[in-house]
Amino acid sequence: MSSTPYSFARENYAALGIDTEAVLATLATTPISLHCWQGDDVGGFEKPNAVLSGGGIQATGNYPGKARTIDELRADFEKALSLIPGKHRLNLHACYADLRGRKVERNAYTVEHFQSWIDWAKARGLGMDFNPTCFAHPLADGGFTLSHPDAGIRQFWIEHCVASRRIGAAIGKQLGTTCVTNVWIPDGYKDTPADRKAPRERLEKALDAVFAEKLNPKHNLDAVESKLYGIGVESYTVGSHEFYLGYAVKHQKLYCLDAGHYHPTESLADKISSVLQFVPEILLHVSRGVRWDSDHVVLFDDPTRAIMEEVVRGGFLARTHIGLDYFDASINRVAAWTIGTRNALKCLLVAMLEPVQLLRKAEAAGDHTARLALMEEAKTLPFAAVWDEYCRRQNAPVGRAWLEEVRAYERTVLSKRK
Ligand code: RNT
Ligand code: ZN
């Protein structure tokens, strides 16, 4: 039999006790939840030409060709999926409701307003995840939602989150795969607050109201997402790490770790084993912080690799929901989805190919020299041949071939959008 780059790599890994075939089988059953919001700069479709406003998040750039309608967003999403190996999920925000011209308030959303998304996902074998949209709305303009001092405004957002959980449960039921509904709110102050306590007390009560209704965990799982700060919300975030970690532990909710939501020298990877010691499951928002932004396209970089290594080394794959969260409006948006998702998968693959038994053995023997040596040698093992083989088997483009397909799509479809 002639040797191929893959057969060479397979033997290399086998010599280290790693079965690349088993790894590829596991990778093929590990979905990534692709965020709808990379496709249109977090605009949504509640009204024509909606743009992301406020909430401490911002999509910057004006690269031409962004999706203007639900159909365009779906077509772009399908294009990206065709360039990414494996079976994945759609992570949908409530502001992507299919309202067909009707005026419906967010607190009155039901599954009906998302049925076309569910049908579309079902036809393509995609699982779905969901998010209430507590930003880009007149009642969020004051910078507060679930922790708003006004009881009426707070109640509106509570109702929106309650509605979102029900929609999540309907999605999970219809698709036969659990929907993770993630609550993130932008609440906070630009400048130093005089009272850090009261908003957090209001948020706790509001969350209790949001989660009061018991839903079947086979259909819907609740996650809460913390944050350090956002643009315009630099001094105080109500839903901080400590706040939500406490809440998630107390109520056994999923805790959402977003890679861009901590101090830059903190390691998200290091948090995983601690958090999972006290909550049942986690949601990852794989992202990349750059200075003030927490939402750059995911790279094949050390922090992302460290996250995936932790998930694999800890045996946490079954308790981890991997989602993406970034929005770059300065490059081709289909390419942004493709680059970030392929990178997250590549990091996951490399983590699965790590000779972890050898590393553990060295560590257990107190041989930290061997541990470091082996870790560094592992970095140049021939994983690229395994990745290429995976793409080939999954009928996804190998290497940079996908870029030509994005270019062709840009010429024939995206450039026609004016
Ligand atoms: C914002 C959070 C949140 C959002 C999405 C759009 O800082 O990361 O997850 O990015 O809900
Ligand atoms: Zn996030």
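The values are calculated or read from the model by the stated rules, or taken from the named source; none is laboratory data. Bear in mind the structure is a predicted one, so any value in this text is a computation, not a measurement. Note: ideal-geometry Cβ built from the backbone for every residue, glycine included; neighbour counts use all protein chains shown. Just so you know, the surface numbers come from the protein's heavy atoms only, side chains and all, with ligands and any DNA or RNA stripped out. Shrake-Rupley method; radii C 1.70, N 1.55, O 1.52, S 1.80 Å.
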Item to complete: Treating cross-link reach as a plain straight distance, find the lysines whose alpha-carbon is under 28 Å from the alpha-carbon of LYS253, omitting any fewer than eight places away in the same chain.
Response: LYS87, LYS122, LYS173, LYS197, LYS205, LYS214, LYS218, LYS227, LYS271
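Over the chain, calculate the relative contact order: mean separation of alpha carbon pairs under 8 Å at least 6 apart, over the residue count, as a percent.
20 percent
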Worksheet entry | Residue-averaged [θ]222 nm for the chain, counting only DSSP H segments that reach four residues, each worth -39500 (n - 2.57) | -13500 deg cm²/dmol
Worksheet entry | Cα lying deepest toward the dipole's positive end in the range 361-418, options THR369, TRP387, VAL398, charges on Cβ | VAL398
Item to complete: Let me know the shape class of the range 319-418, please: from the alpha-carbon gyration tensor, a ≥ b ≥ c as square roots of the eigenvalues, rounded when a/c is under 1.5, otherwise prolate if a/b is greater than b/c, or oblate.
Response: prolate
Item to complete: Return the distance in nm (one decimal) between the two label points of a simple spin-label model at ARG313 and LYS190, each offset 7 Å from Cα along Cα→Cβ.
Response: 4.3 nm
Practice prompt. Just tell me which lysines come within less than 18 Å, Cα to Cα, of LYS66; anything on the same chain fewer than 8 places away is out.
Written response: LYS47, LYS79, LYS416, LYS418
Worksheet, complete the sentence: To the nearest 20 debye, the range 46-111 has a Cα-centred charge dipole, built from +1 on Lys and Arg Cβ and -1 on Asp and Glu Cβ, of 80 debye
Worksheet item: What percentage of the solvent-accessible surface of the range 203-331, computed with a 1.4 Å probe over protein heavy atoms, is contributed by carbon and sulfur atoms?
Response: 55 percent
Practice prompt. Place a +1 charge on the Cβ of each Lys and Arg in the range 261-380 and a -1 charge on the Cβ of each Asp and Glu, then give the dipole magnitude about the Cα centre in debye, rounded to the nearest 20.
Written response: 240 debye
Fill in: Nearest-ten-degree value, helix 401-412 long axis tilted from longest Cα axis of the chain
40 degrees
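Per residue, how large is the accessible surface of the chain? Use a 1.4 angstrom probe and give square angstrom.
Values: 18310 Å² over 418 residues.
Using a 1.4 Å probe on heavy atoms only, each residue of the chain averages 44 Å².
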Worksheet entry | Residues with amide H under 5 Å from that of LEU283, placed H, sequence gap 5 or more | TYR255, CYS256, LEU257, HIS321
Worksheet item: How would you rank 380-390, 7-17, 127-137, highest first, on the average number of other Cβ atoms within 10 Å across their residues?
Response: 127-137, 380-390, 7-17
Worksheet item: Just going by the charge dipole of the chain, with Lys and Arg at +1 and Asp and Glu at -1 on Cβ, which of ILE307, TYR244, LEU146 is farthest out on the positive end?
Response: LEU146
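Rounded to the nearest 5, what is the percent of antiparallel bridges among the DSSP beta bridges in the chain?
15 percent
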Worksheet entry | Gain in span if fully extended, ALA401 to SER3, counting 0.36 nm per residue against the direct Cα distance | 141.0 nm
Worksheet item: Which value, in debye to the nearest 20, gives the size of the charge dipole of the chain about its Cα centre, when Lys and Arg are +1 and Asp and Glu are -1 at the Cβ?
Response: 960 debye
Worksheet item: Which order do peptides 317-323, 372-378 fall in by mean Cβ count within 10 Å, highest first?
Response: 317-323, 372-378
Discussion item. To test your reading of the geometry: what angle, between 0 and 90 degrees and rounded to tens, separates the Cα axis of helix 268-278 from the longest principal axis of the chain?
Written reply: 70 degrees
